[in-house]
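Have a look at the structure below before the remarks.
The values are calculated or read from the model by the stated rules, or taken from the named source; none is laboratory data. The structure presented is a predicted model; accordingly, all values stated were derived computationally and were not measured. Don't worry about glycine lacking a Cβ; one is built from the backbone with ideal geometry, like all the others, and counts go over all protein chains shown. Ligands, DNA and RNA are excluded from the accessible area calculation, which covers all protein heavy atoms including side chains. Shrake-Rupley method; radii C 1.70, N 1.55, O 1.52, S 1.80 Å.
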2 protein chains.
Amino acid sequence: MEDYALRKTLPLKLEVVLYALSDPVRLHIVHSLAKRGELACYAAVAGLDIAKSTQSHHYRILREAGIIAQRKEGVCFISTLRKADLDARFPGLLDAVLLNFQS
Amino acid sequence: MEDYALRKTLPLKLEVVLYALSDPVRLHIVHSLAKRGELACYAAVAGLDIAKSTQSHHYRILREAGIIAQRKEGVCFISTLRKADLDARFPGLLDAVLLNFQS
């Protein structure tokens, strides 16, 4: 099992987190992860008509901003929302974004 | 007096607001406006070493996202934060961002 939560020990930056959240697809992914816990592969965007390379790009932006963690299991990434880390660093921010997201 | 709050009647969009806030200079402007009320010209970035065209660019992004309103008085723009509109549309979001901004 390989750990892809590369930025786990790096400090979360407000402007980087806000940028990562400033896209409807990435908001959809974050909302799905908040609702359903960890999701395998690109399940969070399964209902959306998005090329695989674009899906991968969106997940990378979220991972590099520290919003999600990913680990590899077999041929798949398992993604989870780093809610506890985000809540500790930026109290109220993720909840405010999720509250206001219309999926 | 000319009103530059061009998007005043357009719906605020979450991803557009988050994008506009995803920059340290724009966060600084929003924080200054929240603290000091309306500010003339580019007073909010007076302490920062930023070219005038770049200042103008940042204000435009904020205005087009609906985060600030601007009106012209003489040779200057007067900028104000559209806090009431933002709070009504996205409850808790601006407060969470301001709370977590370290100027």
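Looking at the structure I just gave you, is residue B:65 within 30 Å of residue A:99 (Cβ to Cβ), modelled with pLDDT under 90 and open to solvent by less than 40 Å² (accessible area, probe 1.4 Å)?
no
Do you know which residues across segment B:18-55 are crowded, with 16+ Cβ neighbours inside 10 Å, part of a helix (DSSP H, G or I) and more than 10 Å from chain A (Cβ to nearest Cβ)?
Within segment B:18-55, B:28, B:29, B:30, B:31, B:32, B:33, B:43, B:44, B:45, B:55 meet the criteria.
Cβ-Cβ under 6 Å, sequence separation 6+ or interchain: first residue in segment B:47-59 and within 13 Å of residue B:24 (Cα to Cα), partner open to solvent by less than 60 Å² (accessible area, probe 1.4 Å) and modelled with pLDDT under 90. Which pairs?
Between residues of segment B:47-59 that are within 13 Å of residue B:24 (Cα to Cα) and residues that are open to solvent by less than 60 Å² (accessible area, probe 1.4 Å) and modelled with pLDDT under 90, the close pairs are B:55/B:42; B:55/B:45.
Which residue out of A:5, A:34 is touching a strand residue (DSSP E or B) at 6+ places or on another chain (Cβ under 7 Å) and modelled with pLDDT of 95 or more?
When all the criteria are applied, what remains is A:34.
Do any residues in segment B:72-101 that are away from chain A (no Cβ under 14 Å) have Cβ atoms under 9 Å from those of residues that are in a helix (DSSP H, G or I) and hydroxyl-bearing (Ser, Thr, Tyr), where the two are at least six apart or on different chains, and which pairs are they?
Short answer, once both residue conditions are applied: B:77/B:59; B:79/B:59.
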